[in-house]
Amino acid sequence: MPTPHIYKTEALVVRHLNFGEADRILTVVTPQHGKLRAIAKGSRKVTSKLASAADLVTRTQFVLATGRELDVVTQAVVLERFDHLRESLWHATAAYTVAEALDRALQDREPHAALYALALDTLRRLDADATAWLADPTVANQAGPTARGWGTMRFFDLVLLDLLGYRPAFHQCVACENSLQPVEENGFNAELGGAICPNCSRHSQRHLPLLTLKVLRLVQTTTWEALPVMRLDARTRADVEGILQAILSLNLERSLKSWNLLPG
Ligand SMILES: [Zn+2]
(Lines give C-alpha, C1' and ligand atoms only; values in the text may rest on other atoms or scores of the structure.)
Protein backbone atom coordinates (compact mmCIF):
# COMPACT_ATOMS: atom_id res chain seq x y z
CA MET A 1 0.00 0.00 0.00
CA PRO A 2 1.52 3.37 -0.95
CA THR A 3 2.04 5.93 1.80
CA PRO A 4 -0.93 8.29 1.93
CA HIS A 5 -0.29 11.87 0.92
CA ILE A 6 -1.65 13.23 4.20
CA TYR A 7 -1.45 11.19 7.35
CA LYS A 8 -2.04 11.58 11.05
CA THR A 9 0.18 10.12 13.75
CA GLU A 10 1.18 10.68 17.32
CA ALA A 11 4.91 11.05 17.87
CA LEU A 12 7.63 11.91 20.34
CA VAL A 13 9.94 14.71 19.21
CA VAL A 14 13.44 13.33 19.79
CA ARG A 15 15.62 15.84 17.96
CA HIS A 16 15.29 19.17 16.24
CA LEU A 17 17.47 21.29 14.08
CA ASN A 18 16.98 24.96 13.26
CA PHE A 19 16.54 25.47 9.55
CA GLY A 20 16.41 28.74 7.61
CA GLU A 21 14.95 31.78 9.34
CA ALA A 22 12.10 30.32 11.30
CA ASP A 23 11.76 26.63 10.53
CA ARG A 24 12.77 23.49 12.34
CA ILE A 25 13.53 20.04 11.04
CA LEU A 26 12.15 17.56 13.55
CA THR A 27 13.15 13.98 14.10
CA VAL A 28 10.13 12.27 15.56
CA VAL A 29 9.47 8.69 16.64
CA THR A 30 6.01 7.32 15.99
CA PRO A 31 4.49 4.02 17.14
CA GLN A 32 3.35 2.92 13.64
CA HIS A 33 5.79 4.55 11.20
CA GLY A 34 9.01 4.42 13.20
CA LYS A 35 11.46 7.31 13.09
CA LEU A 36 10.99 10.01 10.50
CA ARG A 37 11.99 13.58 9.77
CA ALA A 38 9.58 16.40 9.10
CA ILE A 39 9.85 20.12 8.62
CA ALA A 40 7.81 22.38 10.93
CA LYS A 41 7.63 25.65 9.03
CA GLY A 42 7.61 28.80 11.11
CA SER A 43 7.86 26.80 14.34
CA ARG A 44 10.57 29.04 15.78
CA LYS A 45 8.30 32.07 15.74
CA VAL A 46 6.90 32.60 19.24
CA THR A 47 3.45 33.16 17.76
CA SER A 48 3.51 29.85 15.92
CA LYS A 49 1.01 27.21 16.93
CA LEU A 50 3.68 24.65 16.10
CA ALA A 51 6.24 26.07 18.55
CA SER A 52 5.37 24.01 21.64
CA ALA A 53 4.35 20.96 19.61
CA ALA A 54 7.85 20.94 18.10
CA ASP A 55 9.66 21.02 21.46
CA LEU A 56 12.01 18.20 22.38
CA VAL A 57 10.49 15.41 24.46
CA THR A 58 6.91 16.36 23.66
CA ARG A 59 4.24 13.88 22.67
CA THR A 60 2.33 15.45 19.82
CA GLN A 61 -0.47 14.50 17.44
CA PHE A 62 0.83 15.47 14.00
CA VAL A 63 -0.83 15.73 10.62
CA LEU A 64 1.92 15.29 8.04
CA ALA A 65 2.06 15.66 4.29
CA THR A 66 4.53 13.45 2.48
CA GLY A 67 7.17 15.49 0.70
CA ARG A 68 9.94 14.61 -1.72
CA GLU A 69 12.69 14.65 0.90
CA LEU A 70 11.02 15.59 4.16
CA ASP A 71 7.45 15.28 5.29
CA VAL A 72 5.80 18.57 6.17
CA VAL A 73 3.95 19.26 9.42
CA THR A 74 0.54 20.68 8.52
CA GLN A 75 -1.08 20.48 11.96
CA ALA A 76 0.14 19.65 15.43
CA VAL A 77 -1.60 19.29 18.78
CA VAL A 78 0.36 18.73 21.98
CA LEU A 79 -0.79 15.57 23.79
CA GLU A 80 1.74 15.47 26.65
CA ARG A 81 4.46 17.95 27.57
CA PHE A 82 6.00 16.37 30.68
CA ASP A 83 6.24 19.87 32.16
CA HIS A 84 7.58 18.95 35.59
CA LEU A 85 10.66 17.11 34.45
CA ARG A 86 11.74 20.24 32.56
CA GLU A 87 12.10 22.08 35.87
CA SER A 88 14.75 19.74 37.24
CA LEU A 89 18.15 19.55 35.56
CA TRP A 90 18.61 15.88 36.37
CA HIS A 91 15.14 14.84 35.18
CA ALA A 92 15.37 16.96 32.02
CA THR A 93 18.76 15.46 31.16
CA ALA A 94 17.42 11.97 31.79
CA ALA A 95 14.48 12.69 29.46
CA TYR A 96 16.83 13.96 26.73
CA THR A 97 18.87 10.79 27.14
CA VAL A 98 15.72 8.72 26.56
CA ALA A 99 15.03 10.75 23.39
CA GLU A 100 18.61 10.39 22.22
CA ALA A 101 18.66 6.65 22.85
CA LEU A 102 15.43 6.25 20.85
CA ASP A 103 16.89 8.29 18.00
CA ARG A 104 20.05 6.18 17.91
CA ALA A 105 18.39 2.83 18.42
CA LEU A 106 15.86 3.15 15.61
CA GLN A 107 16.32 3.06 11.87
CA ASP A 108 14.21 5.36 9.68
CA ARG A 109 10.67 4.13 9.05
CA GLU A 110 11.08 0.93 11.05
CA PRO A 111 8.37 0.92 13.70
CA HIS A 112 9.09 -0.49 17.15
CA ALA A 113 5.93 -0.12 19.21
CA ALA A 114 7.42 -1.70 22.35
CA LEU A 115 10.34 0.72 22.37
CA TYR A 116 7.97 3.64 21.87
CA ALA A 117 5.86 2.43 24.80
CA LEU A 118 8.96 2.00 26.98
CA ALA A 119 10.06 5.58 26.23
CA LEU A 120 6.61 6.97 27.07
CA ASP A 121 6.42 4.98 30.31
CA THR A 122 9.88 6.20 31.27
CA LEU A 123 9.04 9.85 30.56
CA ARG A 124 5.80 9.60 32.57
CA ARG A 125 7.67 8.09 35.51
CA LEU A 126 10.40 10.72 35.33
CA ASP A 127 7.73 13.43 35.20
CA ALA A 128 5.92 11.98 38.24
CA ASP A 129 9.21 11.69 40.10
CA ALA A 130 10.12 15.29 39.23
CA THR A 131 6.71 16.41 40.52
CA ALA A 132 7.36 14.74 43.88
CA TRP A 133 10.92 16.05 43.95
CA LEU A 134 9.83 19.64 43.25
CA ALA A 135 7.15 19.45 45.94
CA ASP A 136 9.52 18.24 48.66
CA PRO A 137 11.18 21.25 50.35
CA THR A 138 13.81 19.08 52.06
CA VAL A 139 15.39 18.03 48.77
CA ALA A 140 14.92 21.31 46.92
CA ASN A 141 18.60 22.19 47.04
CA GLN A 142 19.99 18.76 46.31
CA ALA A 143 21.44 18.14 42.89
CA GLY A 144 21.50 14.74 41.29
CA PRO A 145 18.98 11.98 40.89
CA THR A 146 16.38 10.78 43.34
CA ALA A 147 16.54 7.08 44.13
CA ARG A 148 13.30 6.50 42.18
CA GLY A 149 14.46 8.55 39.19
CA TRP A 150 17.77 6.72 39.11
CA GLY A 151 16.05 3.32 39.22
CA THR A 152 13.67 4.42 36.44
CA MET A 153 16.61 5.17 34.14
CA ARG A 154 18.39 1.88 34.89
CA PHE A 155 15.15 0.02 34.16
CA PHE A 156 14.94 1.93 30.87
CA ASP A 157 18.56 1.00 30.01
CA LEU A 158 18.05 -2.70 30.66
CA VAL A 159 14.68 -3.02 28.91
CA LEU A 160 16.07 -1.02 25.97
CA LEU A 161 18.96 -3.50 25.67
CA ASP A 162 16.48 -6.37 25.89
CA LEU A 163 14.23 -4.95 23.17
CA LEU A 164 17.20 -4.36 20.88
CA GLY A 165 18.44 -7.91 21.36
CA TYR A 166 21.48 -7.06 23.49
CA ARG A 167 20.34 -8.42 26.86
CA PRO A 168 23.50 -8.64 28.97
CA ALA A 169 24.14 -11.91 30.85
CA PHE A 170 24.37 -11.53 34.62
CA HIS A 171 23.48 -15.09 35.65
CA GLN A 172 26.19 -16.96 33.77
CA CYS A 173 29.76 -16.30 32.74
CA VAL A 174 29.86 -15.16 29.08
CA ALA A 175 33.26 -16.83 28.59
CA CYS A 176 32.77 -20.36 30.03
CA GLU A 177 28.94 -20.31 30.33
CA ASN A 178 29.05 -21.66 33.89
CA SER A 179 26.47 -20.32 36.29
CA LEU A 180 27.76 -17.13 37.93
CA GLN A 181 28.32 -17.31 41.69
CA PRO A 182 27.32 -14.30 43.82
CA VAL A 183 30.87 -13.44 44.93
CA GLU A 184 32.95 -10.25 45.03
CA GLU A 185 35.49 -11.43 42.42
CA ASN A 186 33.40 -11.41 39.23
CA GLY A 187 34.26 -9.26 36.22
CA PHE A 188 32.55 -7.84 33.19
CA ASN A 189 33.19 -7.59 29.45
CA ALA A 190 30.99 -5.35 27.27
CA GLU A 191 32.07 -6.89 23.94
CA LEU A 192 31.31 -10.41 25.19
CA GLY A 193 28.01 -9.10 26.56
CA GLY A 194 28.02 -9.74 30.28
CA ALA A 195 29.58 -11.04 33.46
CA ILE A 196 32.87 -12.96 33.71
CA CYS A 197 33.50 -15.54 36.44
CA PRO A 198 36.73 -15.50 38.56
CA ASN A 199 38.15 -18.46 36.56
CA CYS A 200 37.88 -16.46 33.30
CA SER A 201 39.24 -13.21 34.76
CA ARG A 202 41.69 -12.87 31.84
CA HIS A 203 38.62 -11.85 29.75
CA SER A 204 37.45 -9.24 32.24
CA GLN A 205 37.52 -5.54 31.36
CA ARG A 206 36.36 -4.31 34.74
CA HIS A 207 35.45 -5.51 38.20
CA LEU A 208 31.83 -6.40 38.87
CA PRO A 209 31.34 -6.04 42.64
CA LEU A 210 28.69 -8.18 44.32
CA LEU A 211 26.30 -5.33 45.16
CA THR A 212 26.52 -4.03 41.57
CA LEU A 213 25.76 -7.53 40.27
CA LYS A 214 22.76 -7.83 42.60
CA VAL A 215 21.34 -4.46 41.48
CA LEU A 216 21.75 -5.35 37.79
CA ARG A 217 20.12 -8.77 38.27
CA LEU A 218 17.24 -7.26 40.22
CA VAL A 219 16.47 -4.49 37.72
CA GLN A 220 16.83 -6.85 34.77
CA THR A 221 14.28 -9.31 36.11
CA THR A 222 11.67 -6.97 37.61
CA THR A 223 8.66 -5.09 36.19
CA TRP A 224 7.78 -1.38 36.41
CA GLU A 225 5.27 -2.18 39.13
CA ALA A 226 7.74 -4.18 41.24
CA LEU A 227 10.78 -1.94 40.66
CA PRO A 228 11.97 -1.08 44.18
CA VAL A 229 13.34 2.29 45.26
CA MET A 230 17.03 1.47 45.78
CA ARG A 231 19.03 3.69 48.08
CA LEU A 232 22.58 3.02 46.97
CA ASP A 233 25.92 4.65 47.63
CA ALA A 234 27.42 6.83 44.89
CA ARG A 235 30.10 4.25 44.07
CA THR A 236 27.59 1.47 43.37
CA ARG A 237 25.44 3.82 41.28
CA ALA A 238 28.47 4.83 39.25
CA ASP A 239 29.44 1.17 38.82
CA VAL A 240 25.98 0.13 37.60
CA GLU A 241 25.84 3.13 35.24
CA GLY A 242 29.35 2.45 33.95
CA ILE A 243 28.51 -1.15 33.07
CA LEU A 244 25.26 -0.24 31.32
CA GLN A 245 26.92 2.69 29.50
CA ALA A 246 29.63 0.36 28.22
CA ILE A 247 27.07 -1.99 26.62
CA LEU A 248 24.79 0.80 25.41
CA SER A 249 27.53 2.81 23.77
CA LEU A 250 28.87 -0.31 22.09
CA ASN A 251 25.46 -1.14 20.69
CA LEU A 252 24.10 2.32 19.98
CA GLU A 253 27.27 3.17 18.05
CA ARG A 254 28.26 6.30 19.90
CA SER A 255 28.03 6.99 23.61
CA LEU A 256 25.01 8.86 24.89
CA LYS A 257 26.27 12.40 25.15
CA SER A 258 23.58 13.75 27.44
CA TRP A 259 24.82 11.77 30.43
CA ASN A 260 28.22 13.42 30.27
CA LEU A 261 26.55 16.77 30.95
CA LEU A 262 24.99 15.60 34.20
CA PRO A 263 26.32 16.66 37.58
CA GLY A 264 27.66 13.64 39.45
ZN1 LIG B 1 33.86 -18.27 33.28
### Task
Could you please find all residues in region 85-107 being within 20 Å of LEU250 (Cα to Cα) and outside any loop (DSSP other than H, G, I, E, B)?
ALA94, TYR96, THR97, VAL98, ALA99, GLU100, ALA101, LEU102, ASP103, ARG104, ALA105
### Query
Among THR212, THR152, which is the only one that is more than 10 Å from the ligand (Cβ to nearest atom), in contact with a Leu (Cβ under 7 Å, 6 or more places away or on another chain) and not in a loop (DSSP other than H, G, I, E, B)?
THR152
### Residue check, GLU185 out of contact with any strand residue (DSSP E or B) (no Cβ under 7 Å at 6 or more places or on another chain), within 16 Å of the ligand (Cβ to nearest atom) and assigned to a loop (DSSP other than H, G, I, E, B)
yes
### Given (1) under 24 Å from GLN245 (Cβ atoms); (2) at pLDDT 95 or above, number of the condition THR58 does not satisfy
(1)
### Task
Pull up region 159-182, narrow it to residues that are surrounded by 14 or more Cβ atoms within 10 Å (Cβ to Cβ) and away from the ligand (no atom under 16 Å from the Cβ), then point me to the one that is farthest from VAL219 (Cα to Cα).
LEU164
### Message
From the list SER48, SER88, exactly one residue is of a type in the set (Ser, Thr, Tyr), modelled with pLDDT under 95 and within 24 Å of VAL159 (Cβ to Cβ). Which is it?
### Response
SER88
### Summary
Note on SER204: of the conditions (1) surrounded by 15 or more Cβ atoms within 10 Å (Cβ to Cβ); (2) touching a residue at least 24 places away in the same chain (Cβ under 8 Å); (3) not β-branched (Val, Ile, Thr), unmet is (2)
### Query
In region 188-209, what residues are more than 15 Å from the ligand (Cβ to nearest atom) and of a type in the set (A, V, I, L, M)?
ALA190
### Task
Would you check if there is a residue in region 136-153 being under 25 Å from GLN205 (Cα atoms) and in contact with a helix residue (DSSP H, G or I) (Cβ under 6 Å, 6 or more places away or on another chain)?
yes
### Residue identified as among the β-branched types (Val, Ile, Thr), surrounded by 14 or more Cβ atoms within 10 Å (Cβ to Cβ), touching a residue at least 60 places away in the same chain (Cβ under 8 Å) and closer than 15 Å to VAL219 by Cβ among THR152, THR93, THR122
THR152
### Enumeration of residues in region 43-73 that are exposed (fewer than 14 other Cβ atoms within 10 Å of the Cβ) and hydrophobic (A, V, I, L, M, F, W, C)
VAL46
### Query
Is it true that some residue in region 223-237 is within 16 Å of the ligand (Cβ to nearest atom), under 25 Å from LEU118 (Cα atoms) and out of contact with any helix residue (DSSP H, G or I) (no Cβ under 8 Å at 6 or more places or on another chain)?
no
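The values are calculated or read from the model by the stated rules, or taken from the named source; none is laboratory data. Quick caveat, the model's predicted, so the values are computed rather than measured. Quick reminder, even Gly has a Cβ in these numbers, built from the backbone with ideal geometry, and neighbours come from all protein chains shown.
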